[in-house]
Amino acid sequence: MAKKIRSPEELLQFRKKVVAFKEAVKTRIIVSGGTCCLAKGSKRIFELFREELDRQNIAAGVELKSSGCHSFCENEVIVLILPEEICYMRVRAEDVKEIVSRTIIKKEIMERLLYKDPLTGEQFIKEGEIPFYKHQSQIVFGNNRFIDPKNIEDYIASGGYEALVKALQTMTPEEVITEVKKANIRGRGGGGFPAGSKWETTRNAPNNPKYVVVNCDEGDPGAYMDRALMEGNPHSVLEGLIISGYAIGAQEGFIYIRQEYPLATENTLHAINQAREYGFLGENILGSTFNFDVEVHRGAGAFVTGESSALMSAIEGRVGQPRPKYIRTAVSGIWGKPSNLNNVETLANVPLVINKGADWYSSIGTENSKGTKIFSLVGNVNNTGLVEVPMGTTIREIVYDIGGGIPGGRQFKAVQIGGPSGGCIPSQFLDMPIDYDEFTKVGAMMGSGGMIVMDEDTCMVDVARYFLDFLSDESCGKCVPCREGIRQLHKILMKIVRGDGEEGDIALLEDLSEVISAASLCALGQTAANPVLTAIKYFREEFLAHINEKRCPTKVCQGLVSYFIQPDRCQGCTACLKNCPSGAIDGGKGLIHVIIQEKCVKCGICFEVCPDRYRAVEKLSGGPVPPVPADREITRRRVER
Amino acid sequence: MSREVAMLGEQMALQEKVEEICAKYNRKESLLIQILLEIQDELNWLPKEALLRLSAQLQIPLKRIYEVATFYKVFSLILRGRNLVKVCTGTACHVRKAPVMISRVTQLLGINPGETSSDLRFTLETVGCLGCCALGPVVAINDEYYSNPTTSKLEKLFNECQ
Amino acid sequence: MKKVSLTIDGKEISASEHATLLQAARDAGIQIPTLCHDDRLAPYGSCRLCSVEITSGKKAKIVASCVYPVENGLVVETMSPRIVKIRRVILELLQASSPKGRVEELSKVYGTSTDKFEKELTFCILCGLCVRYCSEVKKAHALGFIGRGIEKQVVFFPEIALKSCPGCEGECFSLCPTGILPNKFAQSVPSFGKVQPTVFPVRLWDEDNFLNLTRNIT
């Protein structure tokens, strides 16, 4: 059992001790250990390092640790070697032995494990030189790679809980609120509401007790910043939460974590236990009169509980149904008591503001959007991963300088921002700065930070349909405009992608969207039409092609696509014949294969299994399927490439 | 042992399990979701008998339990297979051809999303987002995540499932 | 009791500080249509038909009058063109699932078209009057919602219904605004959505089925 830290002085001494101990270590090997990394085998790699260090008898001088996500998720597993800052990517189990004997012992660089720019072929040794990292400023996320989330001492050594000391020792709750207000941190969960004002409302609300809540119900498909922060650096969020509790006058906090994030739950629970042991949670924190403790609630799979009042219902053990917020949750939240809810990333910013001051913080960003924002840059982009940039950075910088552009030389089409509540931002806005208000102007919204890059092969009608599909399942179903409106939006879009679209459908979609946005009970419904409206606004011609010409320009919508085997390319290999699930292919050895259109279920498996050297299966859209060749015998044995 | 006696034994065990979990959470009504999660962790689904017992233990209407158990997607009121296969349909996976992954898995397992194979070996589900967006399209088998597995890789993994 | 004063449709009104806009309007003789409201039950705000436009300072917004509390100086419009449009679309949406009863009456008033949206008859608008009445007034909890999103539905729980329904004689039926519950003609409606086999879903409209089921259990 660790010794409880009872005063700021004790914390200072303890930190000195930990730092001194860490400085004695010559080499540090950090293996990334987030959920993505684990999927790529990082646990095994970590164990192999341990074994190998023991075997080579050098474990004493080397600190080996497993950290959270290193943000360049595409290239997991990442191994960082300090102090040289050597960054190895895509490390596999079979590389471990060599890394230890060559790099750790002989200090040689293994070139094959270095990051290689896919465009220029240039290689980089140090992490900070890689373009993906070079153009970021990871003030919130940066510590993730140095900290073992299961070890509170790591966090303390990096200056952790210093902000809490400062707040408790030198600031009144009101001063903390003033500082947060001055820094103008806006809610990172999407709404962009100023955190300081929310804290103030909760503090001033007449009722007691008060509660503070962390929203880690990151339901936006395509967004995972909060998961990475929560599982990689849980103490930073916890510290932010404790400070918010102090400022607001709450003694009890809740952390609501999505059920789909088991590692985040595990690490958070671990962090809370450690924080209790060390005295950062509990009674008389750091010798002050402030008492505070936290309870973790696991979600159970509902997107709508990301909405504050629905999340609070879930904490009460009820159906996650939003309630009318004409009286704000800051005044009447959990069990009718004043409750302040902040997103994970918002709270992770709080210790920074307290430590470095509002003036420093608000020097970063644009006039109305301060600090940095973390995005999950995913989809059709070369470098996928988590990206933290100052507000004001343009989308182009993110997609091209950091993301390295679109794979396969294809064209950029749009970025989808803000998930099911946001919208598609087309190429003409590539130079738009990251800013809450700028996004709203073009019909999207900041959202929690999912940034899904879409290339020219993405069908925007299909994307709109995709989001409505998602929402029709995720709406709570309480109010009519949202439930029935989404049902009908979905039906109309399904009709269009099936090829049954009619004139007037676009107008109907727009009409209906207007009412859904205006009359729905909560933010889910009020923003549900955004993906449809932005798709129509910026890609109307694609809707028209689907409706008028029965053609899907990108050949994505199965209902408008026919599969066809090019007779002069088919070599009769029977791969499609064997794999067709509906028996829709007629053929055999030495015969040109033919798809029986009436039987085809358009699953695309033939297209997928046709060997690359033939590429005989084609997708057609908008025109008739060519007739079956009369002569089915394959005469040529070779096709020219 | 007769069939009835065996079933009775199972019933008793189930009741005890529910009571044990309720006690662990101090029979607090507000922890209903957490209690249901734990019951499902134990039993792999939520049998009706467990919910009736829970209603008595927490002294809350059965209606309230069913509303919660059918609202949240994680809960299953029907028996599920021994192996849970999830295909992620998050946006990032979607634009990286998750629909093709679904047809691939559907074909290999012979069941559609939401279904359980008759031998109770597999349950196939699609999920909103697993939060591994950089690895898309993602398939999770019993909570092990796989990034864009090929058909033969999937075949191998499914064969390993008991 | 403290009073607040506000303007509804140009009329100066004084209302109790705890009143909702709907109550204040009705007390002043201004009619606002509703489908999910009942004075005996806690305001629910699901049908959104009672939406009104409010202006407080410079901002105008749409709110559900059945749950919005009165405020001093508020200016309320209950029949603005935006509001009429919202009500029409809501009624058109409801006609796609439940075209009879109150929905039909109100649709005539608002002159809505009956076939704007693809029909998917469920004969339930999920107003929750029956569910809430059974829980809040009768404290019986024999009815509940299951599921969510477009698959949400109302069910009886036979285990409870069996005990509590006989003594009540279908008070919930009389509340149903769809005009379906007490009628017979909805029986052929096919079931939709996911089946929840352990709940024994008995659709509310399916009166005979319900009675059969309870008979079978007894």
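Out of all the residues in segment B:111-140, which are part of a strand (DSSP E or B) and within 11 Å of chain A (Cβ to nearest Cβ)? Answer for segment B:111-140, where residues must be part of a strand (DSSP E or B) and within 11 Å of chain A (Cβ to nearest Cβ): B:E125, B:T126, B:V127, B:V138, B:V139, B:A140.
Let's see how each residue does on (1) touching a Lys or Arg at 6+ places or on another chain (Cβ under 7 Å); (2) more than 7 Å from chain B (Cβ to nearest Cβ); (3) part of a loop (DSSP other than H, G, I, E, B):
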| residue | (1), (2), (3) |
| --- | --- |
| A:L311 | no, yes, no |
| A:G317 | no, no, yes |
| A:G320 | no, no, yes |
| A:I327 | no, yes, yes |
| A:V331 | no, yes, yes |
| A:N340 | yes, yes, no |
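Can you tell me which residues in segment C:111-134 are more than 11 Å from every other protein chain (Cβ to nearest Cβ), buried (at least 16 other Cβ atoms within 10 Å of the Cβ) and without any contact (Cβ under 8 Å) to a residue 60 or more places away in the chain? Please lay out each step first, then the result.
In the first step, residues of segment C:111-134 are kept if they are more than 11 Å from every other protein chain (Cβ to nearest Cβ); the result is C:111-115, C:121, C:123-124, C:129-130, C:132-133.
If we keep only those that are buried (at least 16 other Cβ atoms within 10 Å of the Cβ) as well, we get C:112, C:121, C:123-124, C:129-130, C:132-133.
Of everything in segment C:111-134, just one residue is more than 11 Å from every other protein chain (Cβ to nearest Cβ), buried (at least 16 other Cβ atoms within 10 Å of the Cβ) and without any contact (Cβ under 8 Å) to a residue 60 or more places away in the chain, namely C:T112.
Listed residues B:Q11, B:Q59; which is of a type in the set (S, T, N, Q), closer than 27 Å to A:V296 by Cβ and surrounded by fewer than 16 Cβ atoms within 10 Å (Cβ to Cβ)? Don't jump to the end; show me each part of the working.
Values: B:Q11 fails: closer than 27 Å to A:V296 by Cβ.
Just one listed residue meets the conditions, B:Q59.
Among A:T366, A:T372, A:T346, which is touching a residue at least 40 places away in the same chain (Cβ under 8 Å) and either under 15 Å from A:Q138 (Cβ atoms) or among the aliphatic types (A, V, I, L, M) (or both)?
On the way: A:T366 fails: either under 15 Å from A:Q138 (Cβ atoms) or among the aliphatic types (A, V, I, L, M) (or both); A:T346 fails: either under 15 Å from A:Q138 (Cβ atoms) or among the aliphatic types (A, V, I, L, M) (or both).
So the residue among A:T366, A:T372, A:T346 that is touching a residue at least 40 places away in the same chain (Cβ under 8 Å) and either under 15 Å from A:Q138 (Cβ atoms) or among the aliphatic types (A, V, I, L, M) (or both) is A:T372.
Annotation note: of A:A545, A:A507, the sole residue that is touching a residue at least 60 places away in the same chain (Cβ under 8 Å) and either touching a strand residue (DSSP E or B) at 6+ places or on another chain (Cβ under 9 Å) or assigned to a helix (DSSP H, G or I) (or both) is A:A545. Beta carbons closer than 6 Å, at least 6 apart along the sequence or on distinct chains, pair a first residue in segment B:38-60 that is within 12 Å of chain C (Cβ to nearest Cβ) and assigned to a loop (DSSP other than H, G, I, E, B) with a second that is surrounded by 16 or more Cβ atoms within 10 Å (Cβ to Cβ) and basic (K, R) for B:W45/B:R80.
Restricting to segment B:122-156, name every residue that is of a type in the set (K, R) and either closer than 28 Å to A:Q416 by Cα or touching a Phe, Trp or Tyr at 6+ places or on another chain (Cβ under 9 Å) (or both).
Within segment B:122-156, the subset of a type in the set (K, R) is B:153, B:156.
Across segment B:122-156, the qualifying residue is only B:K153.
A:L521 meets each of the listed conditions (1) assigned to a helix (DSSP H, G or I); (2) within 8 Å of chain C (Cβ to nearest Cβ) apart from (1). Of the residues in segment B:78-90, at least one is surrounded by 23 or more Cβ atoms within 10 Å (Cβ to Cβ), in contact with a Gly (Cβ under 8 Å, 6 or more places away or on another chain), under 24 Å from A:Y261 (Cβ atoms) and at the interface with another protein chain (Cβ under 8 Å from one of its Cβ atoms). For A:I255, the test of being in contact (Cβ under 8 Å) with a residue 24 or more places away in the chain, crowded, with 24+ Cβ neighbours inside 10 Å and under 27 Å from B:T91 (Cα atoms) is passed.
Within segment A:459-490, the set of residues being within 11 Å of chain C (Cβ to nearest Cβ), farther than 18 Å from A:L508 by Cα and crowded, with 24+ Cβ neighbours inside 10 Å comprises A:F470, A:L471, A:E474, A:S475, A:C476, A:G477, A:K478, A:C479. The residues in segment B:46-82 that are farther than 16 Å from C:G147 by Cα and under 9 Å from the mean Cα position of the chain (by Cα) can be counted, and the count is 3. Taking every residue in segment A:168-191 that is within 18 Å of A:A250 (Cβ to Cβ) and pairing it with any residue that is assigned to a loop (DSSP other than H, G, I, E, B) and of a type in the set (S, T, Y), at least 6 positions away or on another chain, the pairs with Cβ-Cβ distances below 7 Å are A:L168/A:S288.
Inspect segment A:432-442 for any residue being surrounded by 23 or more Cβ atoms within 10 Å (Cβ to Cβ), in a helix (DSSP H, G or I) and modelled with pLDDT under 95 and give the result as yes or no. Yes - at least one qualifying residue is present in segment A:432-442. With respect to being β-branched (V, I, T), surrounded by fewer than 16 Cβ atoms within 10 Å (Cβ to Cβ), outside any helix (DSSP H, G or I) and within 14 Å of another protein chain (Cβ to nearest Cβ), A:V556 falls outside the description. Among the residues of segment A:279-330, those that are of a type in the set (S, T, N, Q) and under 22 Å from A:Q251 (Cα atoms) comprise A:N284, A:S288, A:T289, A:N291, A:S308, A:S309, A:S313, A:T329.
The values are calculated or read from the model by the stated rules, or taken from the named source; none is laboratory data. For clarity, every value in this text was computed on a predicted model and none was experimentally measured. Using ideal geometry, Cβ is built from the backbone for each residue, glycine included, and neighbour counts are taken over all protein chains shown.
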